[in-house]
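Any read-out appearing in this document is the output of simple, stated calculations on the displayed coordinates, not a laboratory observation. A quick note: this is a predicted structure, and the numbers were derived from the prediction, not measured. As a convention, Cβ positions derive from the backbone with ideal geometry for all residues, glycine included, and neighbour counts pool all protein chains shown.
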Amino acid sequence: MWNLNYLKFIDQGRLLSQGLCSNCIARLRQSGASHRGVLFVLSRDKSCATQIQPSSKPPWRVLFFGTDDFALQSLKRLHVSRDDTKAGVIRSLEVVTLSRDAPVRKYAEQHRLPLHHWPDVDFSAQFDVGVVVSFGCLIKENIINKMPYGILNVHPSLLPRWRGPAPIYHTILHGDSVTGVTVMQIRPKRYDVGPILQQELYEVPKNCTANELGATLAVVGSEMLMDTLKHLPERIANGKEQPKEGVSFAPKISSNIAWIIWEEHSCDYIDRLFRAIGLQIPLKTIWMGNTIKLLDFVGKCNMSFTAAPYLSSVPGSVHYQKESNTLLVRCKDGWVGFKAVNFRKRLLAADFFNGYLHQSVLKNSSSTNTCLFRSYKETNVPGGHDSNKLLRNNTSF
């Protein structure tokens, strides 16, 4: 006969993770739930039973869902723990991933971990718990229900703030001083709404990039994941629903956000934008009807108008500062600098000035080395795109 304390835990854990109705639980208790060491748990929506091998404590049989470098850190920690028989947390580990080029897939192949290519998951093996990290696909309820402890998610934000696929980018873009990592249970049909099992604060370092923050939070998250797995029954039983207050969303970052609107974007915003996306998506502007990618951002720059009284305060005005080999561009509330651009090819600031800006200036004035970068909204968009739509995308953050 099954231990009633274990059945009590199953009631709590399943209700939290999958919403089983009270009638199903009552029938489970009344049946005694004993059959040759196998537990039968009734699904919320189906009258049939799912056969699950009982396990009330580690080591766990884990099915991991992930793709990118952030997910890879958790997979590595799980893999190392599988071989740590003394710790006794992971019994077996299998991997579900998407792209064949994904870091998670490459790692699984290198270390000969059993691998499934989504959505073709083979459930002939049985799992105690799933772990999903940076996976990007909603997992259906019938898959969640195949695991007694549901599926855990490592999410790099303090949920319910920044629900969605790009929490780290939005943390940097919006200038958050504090972030963190949340380990939660997933629920079907919606992202990032499940009960919180563990949550830790992390102070965002000044001037850090999204890549730097992501690398740190990946380590923090992997450690939290292992701690949660060590105490999984207790954590699930004490899971807390997310508050309704403080909800914000972190939609996927589009390349449209990289366009700078010099009249509206401040020095601080451009700095945050570069640190959020600049290493993946170069910031962009328009010069003489051409797209210019702005590279090697150096931040806010001081401009001496006494030394150059002819300089315009019009947003988009450009000045080449020879002593620092920097292109200075006027934005809403000051000047920002770039050491290089991409115009047909990568060019240092001096090369762009000598090869293009200088020639343009000579045609209009012999007394200044300034010209104008234009915002997307002020010109026809290359490629026939809707410039008004792009402007809305830019100003929605």
>> Under the rule of at least 5 residues apart or a separate chain, name every residue whose amide H is placed under 5 Å from the amide H of Ile151.
In response: Gly130, Ile186
> Which values, in whole Å and largest first, are the semi-axes of the equivalent ellipsoid of the range 55-143 obtained as the square root of 5 times each eigenvalue of the Cα gyration tensor?
Replying inline: 20, 16, 11
> Among the aspartates and glutamates, which have Cα under 20 Å from the Cα of Lys339 when same-chain residues fewer than 8 positions away are ignored?
Replying inline: Asp268, Asp271, Asp296, Glu323, Asp351
>> For the range 165-207, what are Rg and Dmax over the alpha carbons, in angstrom?
In response: 12.2, 37
> Structure shown: which of Lys86/Lys106; Lys206/Lys244; Lys293/Lys345; Lys284/Lys322 lie over 18 Å apart, alpha-carbon to alpha-carbon?
Replying inline: Lys86/Lys106; Lys206/Lys244; Lys284/Lys322
>> Give me the one-decimal nm value for the distance between modelled label points at Asn290 and Glu264, 7 Å along each residue's Cα-to-Cβ direction.
In response: 2.7
>> With +1 on the Cβ of every Lys and Arg and -1 on the Cβ of every Asp and Glu, and nothing else charged, how large is the dipole of the range 224-359 about its Cα centre, in debye rounded to the nearest 20?
In response: 400
> Which value, in debye to the nearest 20, gives the size of the charge dipole of the range 60-237 about its Cα centre, when Lys and Arg are +1 and Asp and Glu are -1 at the Cβ?
Replying inline: 320
> Rounded to the nearest 0.05, what FRET efficiency is calculated for Lys332 and Glu212 with R0 set to 25 Å and r the Cβ-Cβ distance?
Replying inline: 0.40
>> Give me the extension gain from Lys244 to Phe123: residue separation times 0.36 nm, minus the current Cα-Cα distance, reported in nm with one decimal.
In response: 40.0 nm
>> Which of the three applies to the range 236-287, rounded, prolate or oblate, going by the alpha-carbon gyration tensor with a ≥ b ≥ c and a/c under 1.5 meaning rounded?
In response: prolate
> With charges only on Cβ, +1 for K and R and -1 for D and E, what is the dipole size of the range 201-245 about its Cα centre, in debye, rounded to 20?
Replying inline: 60
